[in-house]
Structure formats: structure tokens, C-alpha cells
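First up is the structure itself, then whatever we jot down about it.
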Amino acid sequence: MRGFSIRVYAGTAVLLLAMAGCGGGGSGGGSGGASIPATPPPPTPSPPTVADTSRFLDQATFGVTAGDVGLVQVIGFQAYLAQQLAATPSQYSGFSYTPHTAPATCQYHPATPTDASSLCSRDQYSLFQVQRQFFTHALSDADQLRQRVAFALSQIFVVSGVEIYEAYGMADYQNMLLNDAFANFRSLLQDVTLSPVMGHYLNMADNDKTNAALGTSPNENYGREVLQLFSIGLYQLNPDGSQMLDGTGAPIPTYDQNVIEGFSSVFTGWTFPPLAGAASQWTNPINYDGTMVAFDSHHEPGTKLLLNGLTLPAGQTSAQDLQMALDDIFNHPNVGPFIGKQLIQHLVTSNPSPAYIARVSAVFADNGSGVRGDMGAVVQAILTDPEARGDAPTTANFGRLREPALFITAMLRSLGGQSDGVLPRNAISAMGQPMFTPQTVFNFYPPSFVLPGTETLAPEFGIENAATALARANFVNTVIMQGGAKPDPTVTGSTGTSIDLTALSAITYPDGLIAQLNQTLMHGSLSSAASAVILAAVNAQSATDPLAAARTASYLMLSSAQYQVER
Amino acid sequence: MQRRKFLLHAGALAGTAALGQMGVFASRAATASDYKALVCLFLYGGNDSNNMVVPVDSAGYANYASVRADLALPQAQLLPLQESGGVLRYGFHPALPGLQGLWTSGNLAVVANVGTLVQPLTQAQYLSNSTQKPATLFSHIDQQHEWQSSISTTSSNTGWGGRLSDQFNSLNANSSVPPMISTGGNNLFVTAAATQALVIPVSGSFGLNGFSSSGADAARRSALVSLLGVDRDADLTSAAQDVMSGALSSSAILNPILTSSTATVAQYFTGLTTNFALQLLAIAKVIEAQSELGAQRQVFLATLGSFDTHTDELNQQQALFAQLDPALSAFNAAMAAIGAGSSVTTFTLSDFSRTFSPNTGGGSDHAWGSHHLVMGGAVHGGQIYGTMPTLTPAGPDDAGTEGRWIPTIAVDQYAATLAAWFGADASTLATVLPNLAAFSPSTLNFV
């Protein structure tokens, strides 16, 4: 059995305070040990509590860190959000145009001495480096909220590595989302629409007008999905996200096939941006750098039936039709609740109340200065809403299952780990979330997924099952019990993946160790019953292995459902 | 808050490997020979069945080729499907030679123009909006869900595979693993009233890593299990705990089966390395272990994606069929080899078919009624069931002008035929398929 001493425990309290940041707050409680001394009072008159601050940071960042808790304790939520909204976007870097078809010299020979061509197919014709950079940015870069929102947007405005396998293309697209994360929704919608990456993925690029001789008509892919997935959804919504119902109690469709054909006709006449130095023609070769260009001679000339009773006149240019059509979508009353609810689900909770959705929709409709679609204001409203804030949730269905990407980043950030992103990008596929590579435009999981036998929304449970749940626990095993991953010699600057548990292992008093992890990982929310279970396992570890207790407690907490469901 | 009854939870907490001992199913004796399995293959994205089953007679092919234009398959490459009495009307896509062989040997049937319906629907009724149509036609996820649930009036939280499985719980009283197993992730088709399919990986080991037999590791594992039983008052937390409980129990039983190097079925998959083939191999291994696992009625799901061919359709569908054909051929041969040929019936579902008229991008768009494949020793093969649509845009079967065929067989009838083979009587069919009474006949005799 493991021994402990009061003398060492005194040091534990100091460490706990240091890791929790300035002040420590008064209500971070829930610790397993009754004998932990009271923490000092907070340094400012009414800063947010440690528990609420930690919950806030779990919602706004890629994982709570002691430094961020300390910062927010000092400056408060609003000032932190202001800093984050102003933070310089991180960017995927080191990528440049490659032709759609890889040259024959482009290979993958990692075992032999490497040069550019021997790693070409991995580094330029797969998403490996982009996926790796996702993790390095998420773990380290300062623009945490921007990245969180961009990641959420990447799961709404989906493009996938199934089709977009060129690294530079996916990097371009993700950089666009990072830049637009707090922009106006109208700008975001246009940038997505004219992105050649989206153009290739949903076939707006090279979408030609009707050819009567051939009996062909415009491709309906983008025209359909921009409505169903990127803006308004299938049914008319109230501002609180509930469906409007007709006189018979049935939901009211937002559009029919005629409207799909109208938008499909709008989105004709665009091709990829010309390659540098090349003449532009219908059609240009696949090129993801820049925005798509119009050829009005390939634009459907007739009238187009759109939303809100609008019919576009015949004979307009590609650009004229596009602007009017995007305005038409943007001004549909569904956009606020449709997008707002999904952002709440990605950031805060799977089951927002109608009132919460309505408050966010109102900010989408008007940011307080008469501006519709201000995404920065929407994100602020989501994170400062009374339903999101507080020391603990008040409803049983509050919270969200940490999706695999956030599960990985949160454990590494909170425990002071480091990673070059190689192990995370390798391991995440078995957890059901291959980075930026969902099977379809419907993302890894639908926002409407419910727990079997209930009405409880649980989007991330769309990929939670026996195989993926074991993969999560086995990732914790790799990182915590097996020491992580060594540097990869084929990756420049590789550092591997590791978490140094030395500081935690200095806490030789098991109650203190568990209390510390509770504070660091779980906002102090771990129940006394769960603490007791972990304590029993810690006490069964070897007293001669200095890391055994810290590893055991960390493994158990990280692999637990109590941690994996963020509440 | 709704609480879910999770059948496996107590077993996992007790550390019990043999779930069949829990007695949660009503006990009913059944002979080992009374085994049946349904294997659903969901073709994600909407398979263009207009190019899966193609007219080969002169007039039919000429019409097909004139409309399909750049999407037309060359007549000489089509694989003829001889019907009874020497009739030859249609041929398979050239990438389906194995399935053509199964057709010829009577192990494969085609069911024509199946689709989501609320009730039988004529073109006049569709165009006049006088009769209820399926909700959200032409939308991927909604049409997937309607195929998987066989409910087209509203969204459903259960699938017809799941509801069917629930009806046979008494026959699975001795099963040590859940009666529904998926190699294609979570899926509405295999979601029952309170449970969903066990999802198994198709490669690697299936289990918890990093535990030795030491006392320290035993204590850590015991704690991991104990943590699944506390803090169960939060909905999502208890749901995640339930998933892990089931994972621990089932993986202990299935991992040796899935990683076995001595399974008889494996030899039939030699050289097949696609994920889809690995899915069918994993299912075949589980079926081979049927007597050890103790289930009498199993429902499996495998999936193959990327059928949403809005562009580059000829190449993409060719590549997908080149995965489908050898894997299905191997699976059928493996089932025959272990004596399960007539005990296992495999069938396709897909979002919808695609417009018969091509779009301007070398592909086709979302449509409606589609042709489907049913395979196995019990199948009355070598025949096309139902009526093939008239392949004319704006013709008598089109819901519009681009060749979106109004289905003439409902998903409910297709499902009922398979469910009846599985053992469902009329009253069970009515429970599993609540809208079946709208269609006549209820079943179609293809199996």
C-alpha cells in the first residue's frame, strides 16, 4: 500500500494553488479529502469562481490550463473574450500549390534517407501535415477561441479529405475558416461558396448551364447542401430553434425541388481560379489557391426561384445572381437558430434550452448595433449566457461528450503535455474522427443524433460506440501509462507526444493527488464516490514507483465517462 | 429525464463475461440449427441503380443510351442477366461479374424500383399533391433514415433492423454478445427501442490495452469498472458509461474470434484488402462462431460510402462496384462453406437512386426509387421482382423531368419480406413495420 505524509502534503496545497492560477477561488470544491485546508480568498472583489472559470475555458479553448484560469480570474470573462476576438489568427503554413494528379516522382519512402520527393505523397497528397498542425496549433497557439470556432465551423461547412487530399487545399480552406471565425455570416457564406475547395467538394466548380442537346441540367449538389446544411435546414424554425407547424401540426419545409433547381441554376458559370501565369478559360484546372472565377457564358440564363418568395430575373451575370442569392439565404429567419444552435452544441451543450437558442438567435439578428450575422457577437453570447455559466450545470442533460479531437487536446493541455501532433492524428481515426475527413458532407455525426431510447440530443454519440470508446481509453493508456510517443524521424522538428507527470507525482498524499486532478481536469466536479474509487486504486499501486500513483489516478480520471462528458 | 435500460451494464459491473447468464431475455429453447442472420449493406450516398441494372435488348438499350449520354455504359460490356424462360432484358454493370455468377446460380435476386413511400402513389397523385408523400424527398440523411427506419411520415428514433431484433430477444436468450453487430459505426437501422448495435472494429485488436495480471493493474481495472457505476444521474455521462460497459463485456468475448487465424471463412477473403471486404470478413467470423456465441437471430450492418456521384460518376461507381463485387462473392462462398448459406441473407439499402438524366458535370443528382440486391442460399434468385420503371424522363414513372422514379415497391414491403424470412409472423410484421398495412401484398417472395 502507498504511504503518505503530512509534510509532503503541505507542498501539495501550494502546487494546487499554482496550477489553479491566481487566487484559486472559493468554490472549486468537490475535493476528495476532507482535510484539505481552505484556499485563500480571491484577490479581486468578484472575479468568476475557479469552477466557473474552468468550465468557461473548457467551452472556449482546447483545454483548461492553469495559466488561463489565472488570467481569466484576474481579467474576467468579457475582457478575456475581447482579447480572444482580437487575437491574430493562427494559420496552417508551409503548403503550396500542387497539381491535382501527383507526379510520378512523388512517393512515400519513410524508411530510406528522406528528401522532399520521398515524403511527397504523405506531406502533399494526404492531410497528414494539416492534421498534425491542427493539434500543434490547438495545443499552443494563443487564438484558442478562434480555433475552437473555426473547428466547429469546419464541422458545419464540411469539406473532407475523402475528396480534398491535397494538403495545400485543405490548409487554404481551414485558414479561411480561421480568418472568418468572427466575421459576419454573410462574408463567411460567400467565402465558403466561392472557395475552390468547396467548389470541388460539392461541385459548384465547373457547374455548367443546361445543355438541351445533351439533355443535361445544372449539378444540384451545392445548391441543395448550402440550404440544408450551411444555412437554413429543412424546416421553418422559430427563433428558439423549434419547428414551426402548419394547421395540421406538421413541420413546414423551407424549400422544394423547384427552389433547389433555382439555386442550382444560380451556382453555374464558376470555375477554378487560373493558375499563376496561365490564361483563364472555361474550365480551369483544379486549383485551390484563391477564389473561383465566373464565366457568364456558362451561367444559366433564365429566371430562378429562390427563398422568401424571391425570383431572380433572367439575364443577370453569375456574380449578380450569386450576390442576390446569398443575400436571400442570409436574410432567411432560420439562419440564426439553425447556425446558433449548432454552435452552442459544439461549444457548450448538446441540449440547449429553447430560451438559450432564442437569446443567441436574437444576437444573430441584431448584435446591438443593428448588424445581422455578427459571428463574434454570437460566440460571445453563447459563452456568456446564463445557461452556460455557473459553478455546475443545473440540468441532467447539460453538457457534451468531448469529441475525440477535443478529448485529446484537453488532456494534453490540462496536464501540461506536449505533442507534435503525430500521435494524435494517427490515433484519432480509431476514435471515429479522422481529422478533416468525415465520410460525407454530413460531418462525423449529425446535430440531431439522440441517445437510443431517449429524446436527449447527443451529437458526438453518433461516433461513440464499443470500438471508439475502447480506442479512447487505449489512447489514455498510450499517453499516460506508456509514456506517449517518441519523435518521428520523418517529421521535421518532431518532438513526439508526452505528458510529464513529475509534478503530480510529487504529491504523495493520495487524497491531494486526486483533489489536484479533480481541479485540473474536472472543474472540481468529481463526486466523492468516484474519488473513493480512484483512491482505492491509487492505494494499491507500488510505493516504490514514483509515477505509479499519478499515472493511475490520471488514467482513471481521463478514461472515465465523468471526464469525457464535459459538463 | 428518461432513463434507459441498458442490458449489458450489470454484467460489465459484475465483471461477468457471459452475458447470457444474466437472464434478461425470456428463456426459450431453440435448436442450434435454427439460426438466421440478416446482413444489411448500406450503400451511402445514393447508388445510381440505373447503371447497376441496365437494359440490354436493342430498343431498351438504345433508349437508355440516348438519355444517359455520357453516363451510358457500353452495351457490349454489360453482363447479361438471364431470367427464367430464357428471357434476357437486363444486364449488370461490368464491374459485377461475381454477382452475375450468383444470379446465374440462383443465389441473387434484383428487386426493382424500391423506395420510401407512405402509401402507394401514382404519378397523378404525386403531381397533384393529393396523397401524402415521404418527408424530405431527395435529402441524403432523411432518406437514409427513412430507409433505415421504414417510416417516411416523420423522423424515427429506431430502425427496422432494431425493432425486428427486439422481437427475437427470446431466441437470443443464450447469446453472450448483443444480437445486433455493426462494422459500419452507429446506424439507425440497427437501433432498437433501448439499445443499439455493438460496433466492432475491422482491424486490430478489440479490447482494453495496458493491463497485466499484477495486483496493481487489477485494482486499476476494477476501479475503471467501478467508475461506470457511480455518477449515473447525468444523461450523457451514464450513456457513455453504458457504451464502455458493453465494450468491455463484448470485446472480451469477440476479440479472440475476430483475431482468430484459424477461421474457415478467412480463406475466401484472401487478397481482399478493402475496408468493405474486412467488414464482411469480420461479420463472417462472428457468424462462424455462432454456436459458441449462442445467438439464434442476428442482424448485421456493413457500409460502403461515396455513392454520391454528382460528378465523375462512371469512374467512381466502377471503383465502388469493384469493391462490392469480390467482397460479396467471398462472403457468399464463405457462408456456403460453413453450412450457413441458407441461414444468412444479405441485402442492400441506399439513400435513393439518382436522376436518369445526367447533370452537366458528368454525374447525376438525387432521385428516388432504386433497384436492390438480395443474396444468399435462401434467396429465390435469378429473377427481377417488381416492375422496372419506364426509363423516360418526364415519362409515366418520373416524379419530375429528370428521371426520379416514383417507387412501385415500398421499403416496408422489401423489409417485410426479409423480416418474414427471419421468422416474423403477421402480427410481428405489423409491430416492426407500422405502415405495412398500407401496401399489398405485404411480402414479395424473393426469399
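Just so it is clear, none of the values below were taken in a lab; they were calculated from the coordinates. What you are looking at is a predicted structure, and each value in this text was computed from that prediction instead of being measured. Neighbour counts are summed over all protein chains in view; Cβ atoms, including those assigned to glycine, are modelled from backbone coordinates with ideal geometry.
For B:Lys133, go through the lysines and keep the ones whose alpha-carbon is under 27 Å away, minus same-chain ones fewer than eight residues off.
A:Lys304
With everything on Cα atoms, drop me the angle between helix A:66-86 and the longest principal axis of chain A, reported from 0 to 90° to the nearest 10.
With rounding to tens, the tilt is 20 degrees.
Which residues' amide hydrogens lie under 5 Å from the amide hydrogen of A:Val450, considering only partners 5 or more residues apart or on another chain, with H built in the peptide plane?
A:Ala458
Along the Cα→Cβ direction, 7 angstrom out, place labels at B:Thr153 and B:Gln82. What is the inter-label distance in nm?
4.7 nm
Under a Cβ-Cβ cut-off of 14 Å, what is the net charge of the residues other than B:Asp398 that fall near it, where Lys and Arg count +1 and Asp and Glu count -1? Write down the numbers at each step before the final one.
Values: positive: B:Arg354, B:Arg404; negative: B:Asp365, B:Asp397, B:Glu402.
Summing Lys/Arg as +1 and Asp/Glu as -1 gives -1.
How far is helix A:354-365 tilted off the main Cα axis of chain A, in degrees rounded to 10, range 0 to 90?
50 degrees
Quick one: what Rg and Dmax do you get for region A:211-251 from the alpha carbons, in Å?
For region A:211-251, the Cα-based Rg and Dmax read 15.9, 48 Å.
How many angstrom separate the Cα center of region B:218-268 from the Cα center of region B:378-447?
Each part reduced to its Cα centre gives a spacing of 38 Å.
Rounded to two decimals, what is the ratio between the C-alpha radius of gyration of region B:144-237 and 2.2 N^0.38 Å? Display every interim value, and only then the final one.
On the way: Rg = 17.5 Å, N = 94, 2.2 N^0.38 = 12.4 Å.
Against the empirical 2.2 N^0.38 Å value, I get 1.41 for region B:144-237.
Quick check: Cα centre of region A:249-318 to Cα centre of region A:56-95, how many Å?
Answer, in whole Å: 38.
Show me the GluC sites (Glu not before Pro) within region A:408-503 that DSSP assigns to loop and that have at most 15 other Cβ atoms within 10 Å of their Cβ. Don't skip to the end; give the middle numbers.
Numbers: sites: A:Glu455, A:Glu460, A:Glu464; in loops: A:Glu455, A:Glu464.
Sparse-neighbourhood loop GluC sites (Glu not before Pro): A:Glu455.
Select from A:Thr254, A:Asn284, A:Gly223 the residue farthest towards the positive end of the dipole of region A:214-339; place +1 on Cβ of Lys and Arg, -1 on Cβ of Asp and Glu, and compute about the Cα centre.
Value computed over the given set: A:Asn284.
Using Cβ counts within 10 Å as a stand-in for footprinting exposure, how do B:Ser260, B:Ser357 rank, fewest first?
Working: B:Ser260 14, B:Ser357 25.
Going from least to most buried by this count: B:Ser260, B:Ser357.
Grab the beta carbon distance between A:Asn331 and A:Asp289, set R0 = 51 Å, and tell me the FRET efficiency rounded to 0.05. Could the numbers behind the result be given before it?
Numbers: r = 31 Å, r/R0 = 0.61.
So the FRET efficiency works out to roughly 0.95.
Which of A:Asp240, A:Asp246 comes first, and how do the rest follow, when ranked by fewest Cβ neighbours within 10 Å?
Fewest-to-most ranking of A:Asp240, A:Asp246: A:Asp246, A:Asp240.
Could you put B:Thr346, A:Thr53 in order, starting from the residue whose Cβ has the fewest other Cβ atoms within 10 Å?
Working: B:Thr346 25, A:Thr53 29.
Least crowded to most crowded, the residues run B:Thr346, A:Thr53.
For B:Ser205 and B:Thr387, FRET efficiency with R0 = 51 Å and r from the beta-carbon atoms, rounded to 0.05?
Values: r = 49 Å, r/R0 = 0.95.
E(calc), rounded to 0.05, equals 0.55.
Name the residue farthest towards the positive end of the dipole of region B:174-290 from the options B:Pro256, B:Leu227, B:Leu272, assuming +1 on Cβ of Lys and Arg, -1 on Cβ of Asp and Glu, about the Cα centre.
The Cα lying farthest towards the positive end belongs to B:Leu272.
Let me test this: with uniform point scatterers at the alpha carbons of chain B, what is the Debye-based log₁₀ I(q)/I(0) at q = 0.06, 0.09, 0.12 1/Å?
-0.26, -0.59, -1.00
Give me the percent relative contact order of chain A, please, defined on Cα pairs under 8 angstrom at least 6 residues apart.
Details: 1050 pairs, mean separation 108.4, N = 567.
Contact order relative to length: 19 percent.
Can you work out the Karplus-derived ³J(HN,Hα) for every residue in region B:208-221? Use 6.51 cos²θ - 1.76 cosθ + 1.60 with θ = phi - 60°, whole Hz, and x for glycine or proline.
Values per residue, Gly and Pro as x: 8, 8, x, 10, 8, 8, 5, x, 5, 5, 4, 5, 5, 5 Hz.
Output wanted: per-residue J couplings in Hz (rounded whole) for region B:406-420, from phi through Karplus 6.51 cos²θ - 1.76 cosθ + 1.60, θ = phi - 60°, x for Gly and Pro.
3J(HN,Hα) across region B:406-420, in whole Hz: 6, x, 10, 10, 7, 3, 4, 5, 4, 5, 5, 4, 5, 5, 5.
To two decimal places, what compactness ratio does region A:81-240 give when its Cα radius of gyration is scaled by 2.2 N^0.38 Å?
Computed over Cα atoms of region A:81-240, the ratio equals 1.23.
Whole Å is fine, so just give me how far the alpha carbon centre of region A:326-353 lies from that of region A:108-159.
Each part's Cα centre sits 28 Å from the other's.
To the nearest whole percent, what portion of all C-alpha pairs in chain A is separated by more than 38 angstrom?
Values: 55192 of 160461 pairs.
Percent of Cα pairs beyond 38 Å in chain A: 34.
Counting only DSSP beta bridges with both residues in the protein assembly as shown, what percent are antiparallel, rounded to the nearest 5? Before the final figure, lay out the partial values.
Values: 32 of 57 bridges.
In the protein assembly as shown, DSSP labels about 55 percent of beta bridges as antiparallel.
Compute the Rg/Rh shape ratio of region A:241-329: radius of gyration over Kirkwood radius, all on alpha-carbon atoms.
Details: Rg = 17.0 Å, Rh = 15.0 Å.
Rounded to two decimals, Rg over Rh is 1.14.
Would you compute, from DSSP H runs of 4+ residues alone, the mean residue ellipticity of chain B at 222 nm, taking -39500 (n - 2.57) per run and dividing by the full residue count, rounded to the nearest 500? Let's see the in-between values first.
Details: 13 runs with 147 residues, N = 447.
Only helices count here, giving -10000 deg cm²/dmol.
With labels modelled as points extended 7 Å from the Cα through the Cβ direction, what inter-label distance (nm, one decimal) is found for A:Ser96 paired with A:Ala276?
A separation of 0.6 nm, rounded to one decimal place.
Could you give the size of the charge dipole of chain A about its Cα centre, using +1 on the Cβ of each K and R and -1 on the Cβ of each D and E, expressed in debye and rounded to the nearest 20?
Computed about the Cα centre, the dipole is about 1560 debye.
Take the alpha carbon gyration tensor of the protein assembly as shown, find the square roots of its eigenvalues, order them as a ≥ b ≥ c, and report rounded if a/c is under 1.5; if not, report prolate when a/b exceeds b/c, else oblate.
The shape class here is oblate.
Under a 5 Å amide H to amide H cut-off, with H placed in plane at 1.01 Å, what residues pair with B:His371 once short-range neighbours are removed?
Under 5 Å from the amide H of B:His371 lie the amide H atoms of B:Ser49, B:Asn113, B:Val114, each far enough along the sequence or on another chain.
Expressed as an acute angle from 0 to 90° and rounded to the nearest 10, what is the orientation of the C-alpha long axis of helix B:140-149 relative to the principal long axis of chain B?
That helix lies at roughly 70 degrees to the long axis.
Let me have the 222 nm mean residue ellipticity of chain A computed from DSSP H runs of 4+ only, each contributing -39500 (n - 2.57), with the sum over all residues rounded to the nearest 500.
Numbers: 23 runs with 244 residues, N = 567.
Result for chain A: -13000 deg cm²/dmol, rounded to the nearest 500.
Across region A:428-500, how large is the tail of the calculated P(r) beyond 19 Å, expressed as a percent of all Cα pairs?
Values: 1401 of 2628 pairs.
Result: 53 percent of Cα pairs exceed 19 Å.
With unit charges on the beta carbon (Lys/Arg positive, Asp/Glu negative), name the residue among B:Leu137, B:Leu293, B:Gly46 whose Cα is farthest towards the positive pole of the charge dipole of chain B.
The residue sitting most towards the positive pole is B:Leu293.
5 Å is the cut-off here: which amide hydrogens, built 1.01 Å from N in the peptide plane, fall below it relative to B:Tyr90, excluding neighbours closer than 5 in sequence?
B:Val56, B:Leu81
Mind checking region A:155-254 for GluC sites (Glu not before Pro) that DSSP puts in a loop (not H, G, I, E or B) and that have at most 15 other Cβ atoms within 10 Å? Before the final figure, lay out each step's value.
Numbers: sites: A:Glu163, A:Glu166, A:Glu220, A:Glu225; in loops: A:Glu163, A:Glu166, A:Glu220.
Of the GluC sites (Glu not before Pro), not one in the loops of region A:155-254 has a Cβ with at most 15 other Cβ atoms within 10 Å.
Along region B:184-196, what does the Karplus equation 6.51 cos²θ - 1.76 cosθ + 1.60 (θ = phi - 60°) give for ³J(HN,Hα), rounded to whole Hz, x for Gly and Pro?
Whole-Hz 3J(HN,Hα) from phi for region B:184-196: x, x, 5, 7, 4, 3, 9, 10, 9, 4, 10, 9, 9.
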